[in-house]
Each structure stands twice: as C-alpha cells, then as structure tokens.
Amino acid sequence: MGVLVFGLGITGLAVVQALAQRDEAVTAADDRPSDATRAALAELGVDLVVAPDATRLADLVRTVDAVVPAPGLPDRHPVFELARAAGVPVLSEFDLAARWDDRPLLAVTGTDGKTTVTTLVCSMLEASGLTAGAVGNTPVPLVAAIDDPTIDVFVVEASSFRLDHSQRFAPAVGTWLNFAPDHLDNHRSLLDYERAKARIWRDQSADQVAVGNADDPVVARHLARAPGRQVRFGTGADTGYRVVGGDLVSEDGVALCAVDELPRAYPHDIANGLAAAATALNGGATVAGVRSALLTFGGLPHRVMLVDEAGGVRYVDDSKATTPHAVLAAVGGFESVVLICGGRNKGLDFSVLAAAAPRLRSVVAIGDAADEVVAVFAGRVDVQVAGSMDEAVRRAAGRAQPGDVVLLSPGGASFDWYGSYGERGDDFARAVRDLLGRDRNGGHGGGGP
C-alpha cells in the first residue's frame, strides 16, 4: 500500500516509522519540517516533499492508496479536497493500528478532561493487575505503542481530529466526557466538531460499551442513539455511575469510595472519577483497583493545581484550560476568584465567560485575547490588562483578599506568549514564587488544594 503522510509532528513521524518498518511504500510531506524531522526521514530512507504547491500535492495524492494527515491539520487544508476528488481514502493512526494489532482499546474523548480520565483509567487498570498504556493524543501515538508486546489494553485519548480522520473506529469501551465549543480554528464549524466527537460510538457493535455524561445534553442526545450498551455517569444522574449518600457508586450500586476520601473533590474531579470508573470497570478493572486509584490520584500538572498560599490567598495553576468551558468549570470550584484569563483565542465565543462573574472579585486579562476578555467583563467585574505574567500575578495579588483564589485559567491557547500550556503554567508558578519571595522549593508544588 502506498501512503502519503502529510504533517510530521509526533504522530505523523510515528506513522511514517510504523509504515516503513512494515515495508509499506510511504511518502512524507510537511509545509515546515524541522531539522530533526529531516534527519529522521533520511535515516529511514523516506522521501520528503516540502511545502508542495497545489499541482504537486494533487500529483502526490493521485499516486497513493491512502492519505494519513497529521491529527491537527485544519479541515480547510487542500489535501482533504484533493483526496476526495481522487477517491483516495483518508485514514488515521487508529485505522493503521487496527490493521496491525487487535488488543482491546478503551477510548476517551471530550472537550475537557481527556488526559486526566485517560491517566486515571490506566491507573485503575494497573491497580487491577493489568498492563495498560495511555496512547493517542499523548506523547505516545497508538501506532508506536503497539510495538510493545507487554501491554494488555490500550487507553486511547481520542481527539476530534483523530476520530474525524478515521474510516472505522470501534473501541471496546468508548467514553464521551463532555461537549463545548473548541478547535473552531481547525474544524469548519461547531457542527463538524460535534460530528467528529460522536464518531467515538458510530462503529461500535451491540456487545461493546458506550459510556456518556448524562449531565451533558449534547453527549446524552448522542448516547441515546449509540449502538453499544449504553452506560451513563454524572453528578446529577439518578442511574448509572453517580453519587449516592456521599459515595461514588457504580451502575449496580456498589460503593467505590466516599467523596470526602478523594484527594480532590471539585465538581469536575467527581465527574472525572465517575467517568474513569465506568470506563475501567467495563474494560476489565476490579472494584478494588478502581478504589485504589481514586484514593491516590491527585490530578495532573496545570489542571487546577495549587502552586502556593500566602496571607490566606491560594495561587492555582489551570493553564491547561484553553476553552471558556474549562474556565467555567475551574471557577465553579471556588467561592471567590481573581481570574487571570486570555491567551490566543481558538475561534471560540468568549462571551460565555460572563457566567463566571458572580464568583469573580477581579479579572486580569492577558495575551492576544486580552481585549476580548475586557469586553466580556467590563461593567460586570473589575478588570485590568497585564502585559506579562509577572505583571498579571502582581495585579491579581493586589486585588485578592484572604479566602480568595488567584486562578490562572486562560481560556485560550498559549502560543501568543509561550510554546505550550505547560510553559505558561510554569511561568505562572515562577512569577508567584518571585512575588512571594519563595525559592523553587518553597511552595506547595504539585499538590492539590
């Protein structure tokens, strides 16, 4: 099979390597390949086409049997229309992995919380005696992970891009956490984004499991049509995985752990715990393994993580919040917040952030979207603009009162000021330490509040 791989980030390069290892004919193309990518392809003996124009790209598409685009390649990229016109199928790494490996897949999608739930499901499976691998929209693509023969089950973080590019994807358990506008700089419309997410269940059979959030109207609507066995979770649900009498319980009423036993118990932590438990128990985990993981999982970096506390004010890093939906979830976990918000808007409607106003003492707007943030909160909440993270932290601290939380929850991507959300969160932590006069080990580090 001849394959054109377009876009050579982590996943694209892993696809090229997987195809080359299996002696498939592969051509690689990228508009801006790095020197490291060029060197890797040269070592593999794979041809690289750099920034092909429309004519060259059309010729490339016509000469292959399939096109595998990078997960984040925008829908508007000409390679998609050229493939449709030539009758050449577009595949994802999921399609390729399914050709080469038949071990069970547990898949997790959603606008927010995918990485957290994927990680927690892996912990539950491992605590149950299984070897699990977190793959997909992680540092380890599925096509690379299948080379490890020791893994019993793969927990796949399934982004909308991977789902949208898949011809067929039928995980043993497919879990959809939530839905809110996101990635409208890549998808043509919100409806296209929704359709991509809904593909988590499209190809399942009746003996496979569809796990969905009963509290989310979009997810619940699609779940009702899922062909697999339908399992619900939700903090407000009266069936399925839910909270009863202060306990997280399974769909058959088995208590998994008490809410007050969780290392963190914000609303999104409880929802994530229920989703992970539903996924893991339907994917081979034991109740004891699920309980063990719930009691020890303290969350992931840059996701509502306490950085430090001084004068009765907590400083919390939620840099991973790159959508307004994620900001609202984070603010909802606190009574009084000084919010640092902004970054690069991904084509989303920031006006929904106004719903957070009752919990906000003040807002500090940062980055490319600062003017949009100001427009949302002007006349509702005290709002000011900062030109750097140091200034943002200083201004936020100046507005905070004892009992408040200074919360970095941007709602936008980090690429205006930083190379990643992790870099942005780290800089927030540094600015907090500098303001409070701490050394690098003087704060609370990664522990949750």
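Counting only strands (runs of 3 or more DSSP E) that fall entirely inside region 357-449 and contain at least 3 residues that are at pLDDT 95 or above and either farther than 19 Å from THR322 by Cα or among the aromatic types (Phe, Trp, Tyr) (or both), the qualifying elements are 382-385. You will find that of LEU163, LEU190, LEU177, the residue that is in contact with a Gly (Cβ under 8 Å, 6 or more places away or on another chain) and not assigned by TED's automatic domain parsing to the domain that holds GLY347 is LEU177 and no other.
If you take the residues of region 363-381 that are hydrophobic (A, V, I, L, M, F, W, C) and within 24 Å of the chain's Cα centre (by Cα), which of them is surrounded by the most Cβ atoms within 10 Å (Cβ to Cβ)? Write out each step before concluding.
Of all residues in region 363-381, those hydrophobic (A, V, I, L, M, F, W, C) come to 363-366, 369-370, 373-378, 381.
Next cut, within 24 Å of the chain's Cα centre (by Cα) only: 365-366, 369-370, 373.
Details: ALA365: 25, ILE366: 25, ALA369: 24, ALA370: 22, VAL373: 27.
The qualifying residue surrounded by the most Cβ atoms within 10 Å (Cβ to Cβ) is VAL373.
Restricting attention to region 91-107, does a residue exist that is under 25 Å from ARG32 (Cβ atoms), at pLDDT 95 or above and not in a loop (DSSP other than H, G, I, E, B)? Yes, region 91-107 contains a residue that is under 25 Å from ARG32 (Cβ atoms), at pLDDT 95 or above and not in a loop (DSSP other than H, G, I, E, B). Which of the numbered conditions does LEU13 fail, given that it passes all the others? Conditions: (1) assigned to a helix (DSSP H, G or I); (2) surrounded by fewer than 14 Cβ atoms within 10 Å (Cβ to Cβ). Going through the list (1) assigned to a helix (DSSP H, G or I); (2) surrounded by fewer than 14 Cβ atoms within 10 Å (Cβ to Cβ), LEU13 breaks only (2). What tally of residues in region 236-265 results from selecting those that are over 19 Å from ASP215 (Cβ atoms), among the hydrophobic types (A, V, I, L, M, F, W, C) and not in a loop (DSSP other than H, G, I, E, B)? Residues flagged as over 19 Å from ASP215 (Cβ atoms), among the hydrophobic types (A, V, I, L, M, F, W, C) and not in a loop (DSSP other than H, G, I, E, B) within region 236-265 amount to 3. Is at least one residue of region 33-54 among the small types (Gly, Ala, Ser), part of a loop (DSSP other than H, G, I, E, B) and crowded, with 16+ Cβ neighbours inside 10 Å? No; the residues of region 33-54 include none that is among the small types (Gly, Ala, Ser), part of a loop (DSSP other than H, G, I, E, B) and crowded, with 16+ Cβ neighbours inside 10 Å. Considering only residues that are β-branched (Val, Ile, Thr) and in contact with a strand residue (DSSP E or B) (Cβ under 8 Å, 6 or more places away or on another chain), look in region 248-301 and name the one that is farthest from LEU223 (Cα to Cα). Ranking the candidates gives VAL259 first.
Kindly indicate whether any position in region 165-188 is out of contact with any strand residue (DSSP E or B) (no Cβ under 7 Å at 6 or more places or on another chain) and in a helix (DSSP H, G or I). No, because not a single residue in region 165-188 is out of contact with any strand residue (DSSP E or B) (no Cβ under 7 Å at 6 or more places or on another chain) and in a helix (DSSP H, G or I). Inclusion of ALA210 among residues that are at pLDDT 95 or above, small (Gly, Ala, Ser), crowded, with 23+ Cβ neighbours inside 10 Å and not assigned by TED's automatic domain parsing to the domain that holds PHE80 is warranted. Restricting attention to region 296-321 and to residues that are touching a Lys or Arg at 6+ places or on another chain (Cβ under 7 Å) and within 18 Å of THR111 (Cα to Cα), the residue that is modelled with the lowest pLDDT turns out to be GLY299. Looking only at region 296-314, residues that are touching a Phe, Trp or Tyr at 6+ places or on another chain (Cβ under 6 Å) and either surrounded by fewer than 19 Cβ atoms within 10 Å (Cβ to Cβ) or aliphatic (A, V, I, L, M) (or both) come to 1 in all. Listed by first and then second residue, the pairs linking a residue in region 109-131 that is over 19 Å from PRO141 (Cβ atoms) and hydroxyl-bearing (Ser, Thr, Tyr) to a residue that is outside any loop (DSSP other than H, G, I, E, B) and modelled with pLDDT of 95 or more, with Cβ atoms under 6 Å apart and 6 or more places separating them unless they lie on different chains, are THR116/ASN272; SER123/ALA293; SER128/GLY289. Could you tell me whether THR279 is closer than 30 Å to ALA127 by Cα and at pLDDT below 95? So THR279 does not fit the description; no.
The values are calculated or read from the model by the stated rules, or taken from the named source; none is laboratory data. Owing to the predicted nature of the structure, the values given are computational and were not obtained by experimental measurement. Ideal geometry is used to build each Cβ from the backbone, glycine not excepted, and the neighbour counts take in all protein chains shown.
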